[in-house]
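Asks: To start, I am sharing the structure in question, which I have written as structure tokens.
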Amino acid sequence: MITIEEAKQAALEAGLDLVEIVPNSTPPVCKIIDYGKYKYELSKKEKIIKKRQHVIHVKEIRLSPKIEEHDFNFKLKHARKFLEQGNKVKVNVFFKGRQITHLEFGKDLLNKFTAELEDIAKLENRPRIEGRNMVAMYVKK
């Protein structure tokens, strides 16, 4: 263990910087290093870590309770593609006008959607009503 003045002098003679590495320990831990190079290496490590992360996006699919079979299959195909890419899928059944009085159509539609995606996805949370919309979230198994 050396004093701060001795450490500063040694860093000055070496042409480097005295950097406090662990400030909360007793005594504080310091290193004699090139501070610019140290910061550069830290930023490089952070970039590599960020690059390796996979961000999960939430893709939204909007359905109407009176949707036709072809349109339903088209939306289902897109949901499958999104799930295979590793994204979450939010299925939103929107009710227009007086359709809101027949929530069972929306529930039936989401049950059918769940049954079709059963092999690749699971229902993250059960369908819930948000204003004039019925929402369900799917994640890859």
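Nothing in this text is a laboratory measurement; each read-out follows from the coordinates by a stated rule. Keep in mind that what you see is a predicted model, and the values were worked out from it rather than measured. Here Cβ is always computed from backbone atoms with ideal geometry, including for glycine, and neighbour counts include all displayed protein chains.
Asks: With +1 on each Lys and Arg Cβ and -1 on each Asp and Glu Cβ, and nothing else charged, work out how big the dipole of the stretch 4-51 is about its Cα centre, in Debye to the nearest 20.
Replies: 580
Asks: Between Ala115 and Glu60, with labels modelled 7 Å along Cα→Cβ, what's the label distance in nm to one decimal, could you check?
Replies: Result: 2.8 nm between the two label points.
Asks: Where nothing but the Cβ of Lys and Arg (+1) and of Asp and Glu (-1) is charged, how large is the charge dipole of the chain around its Cα centre, in debye to the nearest 20?
Replies: In total the dipole reaches around 820 debye.
Asks: Find the percent of Cα-Cα distances in the stretch 28-141 that exceed 15 Å, and round it to a whole number.
Replies: Value for the stretch 28-141 (Cα pairs over 15 Å): 70 percent.
Asks: What are the ³J(HN,Hα) values, in whole Hz, obtained from phi via the Karplus relation 6.51 cos²θ - 1.76 cosθ + 1.60 with θ = phi - 60°, for each residue of the stretch 9-18 in sequence order, with x given for Gly and Pro?
Replies: 5, 5, 5, 5, 5, 7, x, 10, 10, 9
Asks: On a 21 Å Cα-Cα criterion, which of the cross-link pairs Lys66/Lys107; Lys47/Lys88; Lys88/Lys141; Lys75/Lys122; Lys90/Lys112; Lys59/Lys141 come out too long?
Replies: Beyond 21 Å between Cα atoms: Lys47/Lys88.
Asks: Just to be sure I understand the model, the point goes 7 Å from the Cα along the line to the Cβ. What's the resulting Glu84 to Ile129 distance in nm?
Replies: About 3.7 nm, to one decimal.
Asks: Helix-only mean residue ellipticity at 222 nm, the chain, DSSP H runs n ≥ 4 weighted -39,500 (n - 2.57), per residue, nearest 500. What is it?
Replies: -13500 deg cm²/dmol
Asks: In the stretch 43-106, with Lys and Arg counted as +1 and Asp and Glu as -1 at Cβ, which of these residues, Ile49, Thr101, Leu63, has the Cα nearest the positive end of the dipole, that is, farthest along it?
Replies: Ile49
Asks: Rounded, prolate or oblate: which fits the stretch 4-51 when a ≥ b ≥ c are the square roots of the eigenvalues of the alpha-carbon gyration tensor, with rounded for a/c under 1.5 and prolate only if a/b beats b/c?
Replies: Taking the square roots of the gyration eigenvalues as a ≥ b ≥ c, the stretch 4-51 is oblate.
Asks: Scan around Asp17 for amide H atoms under 5 Å from its own, H built in the peptide plane at 1.01 Å from N, and keep only partners 5 or more places away or cross-chain.
Replies: Result for Asp17 returns Ile33, Asp34, Tyr35.
Asks: Moving to a separate point now. Label point 7 Å out from Glu20 along Cα-to-Cβ: which residues of the stretch 26-62 have amide N under 11 Å?
Replies: In the stretch 26-62, the label zone of Glu20 (backbone N under 11 Å from the point 7 Å along Cα→Cβ) covers 28-30.
Asks: Something else: Restricting to Cα pairs below 8 Å that are 6+ residues apart, what does the relative contact order work out to for the chain? Please round to a whole percent.
Replies: 18
Asks: So which trypsin sites (Lys or Arg not before Pro) in the stretch 1-67 end up in coil per DSSP with only 12 or fewer other C-beta atoms within 10 Å?
Replies: Lys66
Asks: Give, in nm to one decimal, the length gained when the segment between Gln53 and Glu68 is fully stretched (0.36 nm per residue of separation minus the Cα-Cα distance). Show your work: numbers first, answer last.
Replies: Numbers: separation 15, 0.36 × 15 = 5.40 nm, distance 3.90 nm.
Value of the extension gain: 1.5 nm.
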